[in-house]
Amino acid sequence: MTLLISVFAAVAVTVKWYKRENDDMRLGSLALMYWGASLMWFVDAIAEYIELEAAYFTPEPVDMLNDSFLGLSVVALGLVIWVVRLLIADPKGVVKKSLGRTTRAKEAELEKE
Amino acid sequence: MACFTVSVAEAIVVKVIEKKVAKKEKLAEAKGNTSNVEKPLIPLSTRLGWLSKLLFGGSALLAFEHVWHGEVVPWFPFLTAMNDAADAAEMLTEIGTVGVGMAALVTGVWFVMSKTALYIAGRPALKGLQTEAIIKDRK
């Protein structure tokens, strides 16, 4: 289930990356992150299949629920890593501009005082 | 158990190589290197960047999964399998099989992706556009 969720996330981000108008959002990095994880979980799934054989495809509902929860958490973590990197890289200069605004506002306040 | 460590190690090595290659490419560009060797359409440093993102990103998410399952802890020795000799042996076997397999698959996919990207970047314009150009030429 974790593999399935990460593959869906990877495909969705890749489609979004393909349809982008510019590279401001750095969607490529997010897509590569999800694809990397999906490939790694694919190998994990093969190893598990070798061990469990057909039973691999009939997991217990509790395990499936836990795996889904994990998959969604992984997608969320990927998004958090991506958004932090985006804010630090600040390709559109939005963060810098907003910080500049705050500094100027503080300077104006100090001048008034 | 700790299969992601192989990918982390490979990612670090790839990142170092990427930085060195990028430095060399910048130096060559600054010198105005006009050798007969044709410049690749996509620089090697960019392509190595894809591999490091695949490896770092994938192993970061996989590390989270190991934390989730209690196999990685934030205190020494960080891997719970290290507390027991039998578990440690099992972990090493897993690193040697699954871990190496993961790193190899990611690298293999990157290699194919890299070659495909070079082919796509280098191929002439789309067939439809080419046909339009030919028709215009005839007119």
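Taking the Cα centre of the protein assembly as shown as origin and assigning +1 to Lys and Arg Cβ atoms and -1 to Asp and Glu Cβ atoms, the resulting dipole is close to 2320 debye.
With the simple spin-label model, which puts each label point 7 Å out from Cα in the Cβ direction, the A:E60 to B:I42 separation comes to 4.4 nm.
For the residues A:L79, A:L32, A:L52, a GNM of chain A with alpha-carbon springs under 10 Å puts the largest fluctuation on A:L52. Near A:D23: Cβ cut-off under 13 Å, other residues only, Lys/Arg at +1 and Asp/Glu at -1. The net charge is +3. Helix A:2-18 axis versus longest C-alpha principal axis of chain A: approximately 50°, rounded to the nearest ten. Count Lys and Arg as plus one, Asp and Glu as minus one, and take only other residues whose Cβ is under 12 Å from that of B:A60; the net charge is then +1. Convex hull volume of the C-alpha atoms in region B:1-93, normalised per residue: 115 Å³.
Simple spin-label estimate for A:F8 and A:S73 gives 1.8 nm between the two label positions (7 Å along the Cα-to-Cβ direction from each Cα). Pairs of Cα atoms in chain A fall into 10 Å distance bins, from 0 up to the last occupied one, in shares of 13, 30, 23, 16, 10, 6, 2, 0 percent.
Under a Cβ-Cβ cut-off of 15 Å, what is the net charge of the residues other than A:E107 that fall near it, where Lys and Arg count +1 and Asp and Glu count -1? Show your work: numbers first, answer last.
Numbers: positive: A:R101, A:R104, A:K106, A:K112; negative: A:E109, A:E111, A:E113.
Net charge around A:E107: +1.
Legend: mean number of C-beta atoms from other chains within 10 angstrom of residue C-beta atoms, peptide B:106-116, equals 2.
Order A:34-42, B:107-115, B:6-14, A:60-68 from most to least packed using the mean count of other Cβ atoms within 10 Å.
Working: A:34-42: 26.8, B:107-115: 14.6, B:6-14: 19.7, A:60-68: 11.7.
Order by mean packing, descending: A:34-42, B:6-14, B:107-115, A:60-68.
A Gaussian network model of chain A, with springs between Cα atoms under 10 Å, assigns the largest mean-square fluctuation among A:R85, A:R26, A:R101 to A:R101. Taking a 30 Å limit on the Cα-Cα distance, which of the listed pairs A:K16/A:K92; A:K16/B:K31; A:K97/B:K31 fall beyond it? From the list (A:K16/A:K92; A:K16/B:K31; A:K97/B:K31), the Cα-Cα distance tops 30 Å for A:K16/B:K31; A:K97/B:K31.
For the protein assembly as shown, the C-alpha radius of gyration sits at 1.29 times the compact-globule guess of 2.2 N^0.38 Å, with N the residue count.
Among B:L105, A:L87, A:L27, rank each residue by its count of other Cβ atoms within 10 Å, from fewest to most, as a rough exposure measure.
On the way: B:L105 16, A:L87 10, A:L27 19.
Neighbour counts put them in this order, fewest first: A:L87, B:L105, A:L27.
Spin-label model, A:Y18 to B:L118: label points 7 Å out along the Cα-to-beta-carbon direction sit 2.4 nm apart.
We did not get these values from a lab; they are worked out from the coordinates using the rules stated. Note that the structure is a prediction, hence the values are computed from the model and not measured. Cβ: placed from backbone, ideal geometry, glycine included. Neighbour counts: every protein chain shown.
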